[in-house]
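Structure, as structure tokens:
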Amino acid sequence: MDQRTKGIIVTTVAAVLCGCPGLLILLISVTMMTPLWEQVFGSSSPTGLGYVLLCVALIGIMITLAVGVVTLRKRSAPPVDVSGPMPPPA
């Protein structure tokens, strides 16, 4: 298995384990910080918990993005040794 395939697998696993839950938690936290929460559940909006969940969601999403960038970036070519004689042209 080459490096590119491993990178795609690792990125997919990170998206499933960190990105999807992060987006769901983001949706819940934003909903908790709106007046809709008070209308539906009849209690005051728990904005403190909403901000904590917002931070957790953003961390999960950033982990997914970082894994994708690190594993799928194009690596530079190894340096070429030019100190020896040049081969004849083909």
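The values are calculated or read from the model by the stated rules, or taken from the named source; none is laboratory data. Everything numeric here is computed off the predicted structure, so don't read it as measured data. Cβ atoms come from the backbone with ideal geometry, glycine included; neighbour counts cover every protein chain shown.
Tabulated results
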{"quantity": "The one condition in (1) over 30 Å from residue 3 (Cβ atoms); (2) more than 19 Å from the chain's Cα centre (by Cα); (3) of a type outside the set (Val, Ile, Thr); (4) loosely packed, with under 15 Cβ neighbours inside 10 Å that residue 32 fails to fulfil", "calculated": "(4)"}
{"quantity": "From the options 61, 9, residue that is under 14 Å from the mean Cα position of the chain (by Cα) and loosely packed, with under 14 Cβ neighbours inside 10 Å", "calculated": "9"}
{"quantity": "Which listed residue, of 47, 64, is within 18 Å of residue 27 (Cβ to Cβ) and at pLDDT 80 or above", "calculated": "64"}
{"quantity": "Of all residues making up the stretch 35-58, the number that are surrounded by 13 or more Cβ atoms within 10 Å (Cβ to Cβ) and closer than 30 Å to residue 6 by Cα", "calculated": "3"}
{"quantity": "Count of the stretch 70-85 residues which are modelled with pLDDT of 75 or more and either in contact with a Phe, Trp or Tyr (Cβ under 7 Å, 6 or more places away or on another chain) or aliphatic (A, V, I, L, M) (or both)", "calculated": "2"}
{"quantity": "Every pair of residues 6+ apart whose Cβ atoms lie under 6 Å, when the first sits in the stretch 1-28 and is under 16 Å from residue 73 (Cβ atoms) while the second is in a helix (DSSP H, G or I)", "calculated": "7/71; 7/72; 10/71; 11/67; 11/68; 11/71; 14/64; 14/67"}
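Here is a yes/no grid of residues against (1) closer than 23 Å to residue 12 by Cα; (2) in a helix (DSSP H, G or I):
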site: 36; (1), (2): no, yes
site: 39; (1), (2): no, yes
site: 52; (1), (2): no, yes
site: 61; (1), (2): yes, yes
site: 81; (1), (2): no, no
site: 84; (1), (2): no, no
